[in-house]
Every structure is written in structure tokens, then in C-alpha cells.
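Student: Structure in C-alpha cells, see below.
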Amino acid sequence: MHLAALHSQSQIQLNQHGNLKHFLTIEGLSKEVLTTILDTAASFFNDQNQLITNNLLEGRTVMNLFFENSTRTRTTFEAAAKRLSANVLNIDIARSSTSKGETLRDTLWNLEAMAADVFVVRHSSSGAAHFIAKDVCPHVAIINAGDGRHAHPTQAMLDMLTIRRETNKKFEAMSIAIIGDIKHSRVARSDIAALQTLGCQDIRIVAPNTLLPYGFNEYGEGVRLFNKMEDGIRDCDVIITLRIQNERIDSPALSSQAEFYKMYGLNPERLALAKPDCIVMHPGPMNRGVEIDSSIADGSQSVILQQVTNGIAVRMAVLALSMQGQLQEKGLLDAIAV
């Protein structure tokens, strides 16, 4: 991304003190900001590796605005907000005023007037969260829960937290492979940005050319393309398999599930090419027997369920830090402390 665009992303997301007030995308954020998110998320685990509950957001209201379905992401945001003692409202967008002809802007202004402190937004249009943060509700903390093909920043950060907690290796020293539909994946885009920011020097994209975005070279230094699965995962520390969306099957991009599994499915033979302590990740929901063999998904090297737990911790961190940043912007710093 162009430096001017990165600066713009940073300006929208950070307050005048350089702290998070919205979380819209990984791009434009510094290593220090991402590390603060990871450290804060890690602090929400106790000595028994269990998530804690506290009152950081007591009296605050978090509204989940999901214009696009996602039970897993919405549920983990709800769990995160409740562990911080926030009030949580799940707005049924399909039955909201927008379906009756009211504009998105008017709907959001009305919700903001109901004393909302945080909007968690998922939308099928790329840039929707930015629009809400910049042009509609700049004084409400906006958390992007996925927008079009653009970004899924909390998924990227839960992936980073999982890698940090499960490998105990430095990002700079690891080889990490991301496999599958890169072209349509906001998870892949956000993961790559997070890995680059955290210093990973060997990011391997494993995919057929039909599932690569136009202008692949824009990902820059440290990112390499492999069309052959075996070459891409050899000696890897981490393998991230992406979900193949069913609508891509039987299209010019992807001939069949069986063909994809034959060429790019993660099976025991292929996993054996990675390092012995390689961990396997997946953002979910999984298509077993397409992206990943069940023996791998349920095996000892899989950390897929750990990702879910880490997702709650990361979303707790982002909610708390964004609320703190908004209050700091308004001169109410002492109202909350993380």
C-alpha cells in the first residue's frame, strides 16, 4: 500500500496520543500498536490459562451490527464484551430500518443516539467500517469484524496471538505458509499485513494462479508465491489453511472440491514435510476433506480450537483499548485503565 494511504489508515484509527480508538485494518498500524494488542490479550488469561472476567467496560454499551452473517465472529465478540462487563446489543440488521428504506447513515446516527459506545461492524462492502468511523460515527469506537474482501483485523490478531502462544518463537525467525483462496480472503490480506508488521521474513503464499489477487507483487518483501503445495510448506513453522467458499467450486477459479484437495489439501503426508513442531491453523468454518484432512484438524498439531479461545481474548483487548482511546481523545483518560 502507498505510504500516503498507510498514513491515512493510521490517522483514522489512532487518537492524538497514538493510541487505538478504532480498529479497522492492520495496515497503517505500527509493530508497537500490534504488540500492545497482543500483550493486552495475553493479560486476560490467568495462571491456569483460562480467560478472566473483569469490569473494564462496566456501564458501556457494545452494539453488534452484522450486515453479513457470521455466527462464530459475532458470538466471540459478544462473549468478549460480556467478560468485560459491557452491555451487549445484537442488532437484527435484516429487520432494521435499512430494510424499510432508511439510509445506513440515518440508522447509524439513531443507534449512536441510543448511547452506544462501541459498534462492532461486519459488512459485505469493502470499506464500510472506515465509512462509519470517518464519516458517520467518529466518536463511537468502531471495530471491523470483516468488510468485503478488504480486512478482518481481529482474525489476524487472534492468529498472531495463537502463533505467539503456541510456538514460543520470534516472528522474525519463522516460516509461515498461508494456503488456499488468497484472492477472495480478507483473512489472508490481514494475516499477511500483521506478519509483515511483526517482522516475519518468510511468508509463503500457496495457491493456484486462479486464486491469487491481481497485482500479487504488491504484498512486497518477504512474501513468496508457491504453486506447488509440497514446496510451499516444506520446513514451515506454521501452516494456515483458508476456507474455500462453496460458491467458488465448479467455477473457472476452482474446478472441484476433489481437485483442490488433491492439489492443495493438507493431509498427513504433506504435513510431514513441515517442521516436526509445526502448528496447523484454520479461521473456520472448515471444509473437511477439501482444505484439510480430519486427521490433521483433530490431530496433535492442530491449534484450531485454541484460535477460538484466543479470539475472545483479542476481541476483549481491542474493545478495551479502543474504548480507552476514545475516552483519552475526549479528555476522560481516568475513566478506564487497561
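Student: How are the alpha carbon pair distances in the chain distributed across 10 Å bins from zero to the largest one, expressed in percent?
Tutor: Pair shares across the bins are 6, 26, 34, 24, 10, 1.
Student: Full-extension gain between Arg224 and Glu58, please, as 0.36 nm times their residue separation minus the C-alpha to C-alpha distance. Write out the running numbers ahead of the final one.
Tutor: Numbers: separation 166, 0.36 × 166 = 59.76 nm, distance 4.55 nm.
Length difference between fully extended and current span is 55.2 nm.
Student: By the gyration tensor of its Cα atoms, with a ≥ b ≥ c the square roots of the eigenvalues, what is the shape of the range 13-69: rounded for a/c under 1.5, prolate for a/b over b/c, or oblate?
Tutor: Working: a/c = 1.66, a/b = 1.15, b/c = 1.44.
It comes out oblate by the Cα gyration axes.
Student: Determine the gain in length on full extension of the stretch Asp231-Asp92; use 0.36 nm per residue of separation and subtract their C-alpha separation, reporting nm with one decimal. List each step's numbers first, then the result.
Tutor: Working: separation 139, 0.36 × 139 = 50.04 nm, distance 4.57 nm.
Extra length available between Asp231 and Asp92 comes to 45.5 nm.
Student: Taking 0.36 nm per intervening residue step and subtracting the Cα-Cα distance, what contour gain separates Arg149 from Ala115 on full extension?
Tutor: Numbers: separation 34, 0.36 × 34 = 12.24 nm, distance 3.05 nm.
Going from the current span to full extension adds 9.2 nm.
Student: I need the shape label for the range 136-247. Rule: rounded when a/c is under 1.5, else prolate if a/b > b/c, else oblate, with a, b, c from the alpha carbon gyration tensor. Intermediate values should be presented prior to the final figure.
Tutor: Numbers: a/c = 1.88, a/b = 1.24, b/c = 1.51.
Oblate.
Student: So, one more: In nm, give the distance between the simple-model label positions of Asp298 and Phe45, each being 7 Å from the Cα along the Cα-to-Cβ direction.
Tutor: Spacing of the two 7 Å Cα→Cβ label points: 2.5 nm.
Student: Still on this structure, please answer the following. With a Förster radius of 22 Å, plug the Cβ-Cβ distance of Lys134 and Leu332 into 1/(1 + (r/R0)^6) and report the FRET value to the nearest 0.05. Don't jump to the answer; show the numbers that get you there.
Tutor: Numbers: r = 22 Å, r/R0 = 0.99.
With R0 = 22 Å, the Cβ-Cβ based efficiency is 0.50.
Student: Which of the lysines could be linked to Lys262 by a straight reach, that is with a Cα gap under 21 Å, when you skip same-chain ones fewer than 8 residues away?
Tutor: Lys183, Lys228
Student: By Kyte-Doolittle mean hydropathy of at least 0.0 and Cα axial length of at least 20 Å, which whole DSSP H helices of the chain are selected? Could you put the intermediate results ahead of the total?
Tutor: Details: long enough: 153-167 (21 Å, -0.37); 304-329 (37 Å, 0.57).
Helices meeting the span and hydropathy rule in the chain are 304-329.
Student: When only alpha-carbon atoms are used, what values of Rg and Dmax, in angstrom, describe the range 146-200?
Tutor: Looking at the range 146-200, its Cα Rg and Dmax stand at 11.1, 33 Å.
Student: Taking square-rooted eigenvalues a ≥ b ≥ c of the alpha carbon gyration tensor, is the range 233-327 rounded, prolate or oblate, where a/c under 1.5 means rounded and, failing that, a/b exceeding b/c means prolate? It would help to have the intermediate numbers written out before the result.
Tutor: Working: a/c = 2.78, a/b = 1.56, b/c = 1.78.
Since a/c reaches 1.5 but b/c is at least a/b, the shape of the range 233-327 is classed as oblate.
Taken together, the values in this text are just the output of simple stated rules run on the coordinates, not laboratory data. Quick caveat, the model's predicted, so the values are computed rather than measured. Neighbour counts are summed over all protein chains in view; Cβ atoms, including those assigned to glycine, are modelled from backbone coordinates with ideal geometry.
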